[in-house]
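A quick write-up on the structure given underneath.
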Amino acid sequence: MHPRDQTIFALSSGRPPSAIAMIRVSGPQAGLVLTALGGKLPVPRQASRRLLRDSESQPIDDAVVLWFPGPGTATGEDVAEFHIHGGRAVLSALLAAISLIPNTRAAEPGEFTRRAFENGKLDLTEAEGLDDLIHADTDRQRRQALRQLQGLLGDRARDWRERIIEASALIEAGIDFSDEGDVPAELMAPAMKAIKALHDEIAKVLAAQGQAERLREGLVVAIAGEPNVGKSTLINQLARREVAIVSPHAGTTRDVIEVQLDLDGYPVTVIDTAGIRETDDPVEQEGVRRARARAEDADLVLWLVEGERAADPDAMRSLWKSSDGHRPSSSVWIVRNKIDLGGAAAGLSGEFGISASRGDGIPELVDTLVRFAADFFGTTEGALVTRARQRDLLTRASDSLRRSLELVEEGEELAAEELRSAAYALGRLLGRVDVEDVLGAIFQKFCIGK
Ligand SMILES: Nc1nc2c(ncn2[C@@H]2O[C@H](COP(=O)(O)OP(=O)(O)OP(=O)(O)O)[C@@H](O)[C@H]2O)c(=O)[nH]1
Ligand SMILES: [Mg+2]
């Protein structure tokens, strides 16, 4: 039996123990699984209470079950749901009882969604949106994922693809009918106009994206500086809990410490690093190496200095030593800490004055961070492209359209060929053509049970 014809099952709710757990079954045997464990088939789409029993008629749990006959279901197949008590022993007893039924097996990650995709319930961009929605931590990530799941990009891509196919049909008809190979202008002019419009629309969507792709991963802010300036105190203040050890000894932090923050809906990862200095201690040296590596990759570095001391340009520069002193694209803000000890108050323009231990200046710093994040992510509200895969394929489609406009002078066949590759790229975007290679990569990352 082909693995696709087997009936799959998985725990679809969160990690046990929980008050209630949901096990989902999808495939031709789903109805049989329900009757084998819970007696007669319930009324479709209505919750029914059943005492579930194993193959030896021993009770497993008192449960609520649901029966969804295909194809009008999430996966397009027959689906059964068991809502049981979420204890580990209950779960393992039920999973064991299901697996004893012939032609059933545990689902692989994302396999329910993959079946939905294969049965035409959603296109690939919607499947990606679903995965993003499950992993969304902040409100903005959630809204972006939901737009994707609702198929806004998929709908546009389908429309573009159809229009490309129409335009190429015009050109190919012309090629077939013309004796000398010259396609009549009456056919070419509307085709070219349509291609130009398509190219502009796709280019506009690509240009409007800001950093929508990055909204999935979040912004990375590194706190760096010389030892003992209060970096760990600052990360604790931002996280509002004691994530890092603070001490008066220089060289306290050695590992890179990360916290995830939700700043006004923007996902931000803040990292605390070891104080940058020359040292003989091999452990601290490793800490400094890691600090540099992380600061280099960060989108923003908060360079902490103590009070009125000027930021040491050598120490700052040394941050990027590991990349041949070549400064990466990240921005750097100078933050003056310990202003409670007197000296520099609000700092010079473009600088911040804070007291990490007392909290002075922290709200202003956070506000500025939120504005930075808003700028960084751009206007993601209308963003349709949220993954590199989508961007690559759209760029390919738009490039092919542009080339077909350029090549038409040299021969209609060349233009038609470019249109075929544009349609092909959009087909891949939607998962319509030649996608076996990407499917594995995409669905592997899903949770089991989804
Ligand atoms: N007065 C005052 N002391 C502070 C402030 N922030 C931090 N400190 C103190 O400065 C010392 C060093 O703080 P840490 O947060 O451990 O400094 P760090 O930069 O993480 O140090 P390393 O991990 O060693 O690089 C501790 O004794 C803190 O209590 C502040 O705003 N005001
Ligand atoms: Mg520290």
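For the chain, build the convex hull from the C-alpha positions and give me its volume per residue in Å³.
On the way: hull volume 94.6 nm³, N = 450.
With only Cα atoms used, the chain gives 210 Å³ per residue.
Taking only DSSP H segments of four or more residues, each worth -39500 (n - 2.57), what value at 222 nm results for the chain once the sum is divided by all its residues, to the nearest 500 deg cm²/dmol?
Result for the chain, helices only: -14500 deg cm²/dmol.
For segment 1-139, what Kirkwood radius comes out of the mean inverse Cα-Cα distance, in Å?
15.4 Å
I need to check one value: relative contact order of segment 108-194, counting alpha carbon pairs closer than 8 Å and at least 6 residues apart, in percent.
Taking the mean separation of contacting Cα pairs over the length of segment 108-194, I get 19 percent.
When averaged across all projection directions, what area in nm² does the alpha-carbon convex hull of segment 106-166 cover? Kindly include the intermediate steps, with their values, before the conclusion.
Values: hull surface 19.6 nm².
Projected area, direction-averaged: 4.9 nm².
In the chain, carbon and sulfur make up what percent of the accessible area (probe 1.4 Å)?
52 percent
Which order, highest average first, do 389-399, 87-97 follow once you tally other Cβ atoms within 10 Å for each residue and take the mean per peptide?
My ranking of the peptides, most packed first, is 389-399, 87-97.
In vacuum, with every alpha carbon of segment 36-77 counted as one equal point scatterer, what does the Debye formula give for log10 I(q)/I(0) at q = 0.23 Å⁻¹? Two decimals, please.
At q = 0.23 Å⁻¹ the computed log10 ratios are -0.78.
What per residue convex hull volume, in Å³, comes out for segment 184-262 when only alpha-carbon positions are used?
Hull volume normalised by residue count: 126 Å³.
Compute the separation of the alpha-carbon centres of segment 1-73 and segment 251-317 and state it in Å as a whole number.
51 Å
Show me the ranking of peptides 442-448, 302-308 by mean Cβ neighbours inside 10 Å, starting with the highest.
Sorting 442-448, 302-308 by mean packing, highest first, produces 302-308, 442-448.
May I ask you to work out the translational diffusion coefficient for segment 391-450 at 20 °C, viscosity 1.002 mPa s, via Stokes-Einstein with Rh from the Kirkwood sum over Cα pairs, reported in whole µm²/s? Write down the numbers at each step before the final one.
On the way: Rh = 12.8 Å.
D, rounded to a whole number, is 167 µm²/s.
Kindly report the accessible area of the chain per residue (heavy atoms of protein chains, probe 1.4 Å, no ligands, DNA or RNA), in Å².
48 Å²
Packing-wise, with mean Cβ within 10 Å as the measure, how do 44-52, 283-291 rank, highest first?
283-291, 44-52
For the chain: lysine pairs with Cα atoms under 24 Å, gap of 8 or more or different chains, count?
Values: LYS121/LYS445; LYS121/LYS450; LYS193/LYS204; LYS196/LYS204; LYS231/LYS321; LYS231/LYS338.
Taking the chain as the scope, the lysine pair count is 6.
Among the DSSP beta bridges whose two residues both lie in the chain, what percent are antiparallel, rounded to the nearest 5?
Values: 30 of 52 bridges.
Taking every DSSP beta bridge with both residues in the chain, the antiparallel ones total about 60 percent.
Return the loop-located GluC sites (Glu not before Pro) in segment 27-125 (DSSP other than H, G, I, E, B) with at most 10 other Cβ atoms within 10 Å of their own Cβ; answer none if there are none. Provide the component values of the computation, followed by the final result.
Values: sites: GLU56, GLU77, GLU81, GLU111, GLU118; in loops: GLU56, GLU77.
Taking segment 27-125 and a limit of 10 other Cβ atoms within 10 Å, the loop GluC sites (Glu not before Pro) found are GLU56.
Mind listing the long-range amide H neighbours of CYS447? Cut-off is under 5 Å, sequence gap 5 or more, other chains count too, H placed in the peptide plane at 1.01 Å from N.
Correct list: GLY110.
The values are calculated or read from the model by the stated rules, or taken from the named source; none is laboratory data. All values derive from a computational prediction rather than experimental measurement. So basically every Cβ, Gly included, is an ideal-geometry build from the backbone, and we count neighbours across all protein chains shown. We work out accessible area using only protein heavy atoms, side chains counted, and drop any ligands, DNA or RNA first. Shrake-Rupley method; radii C 1.70, N 1.55, O 1.52, S 1.80 Å.
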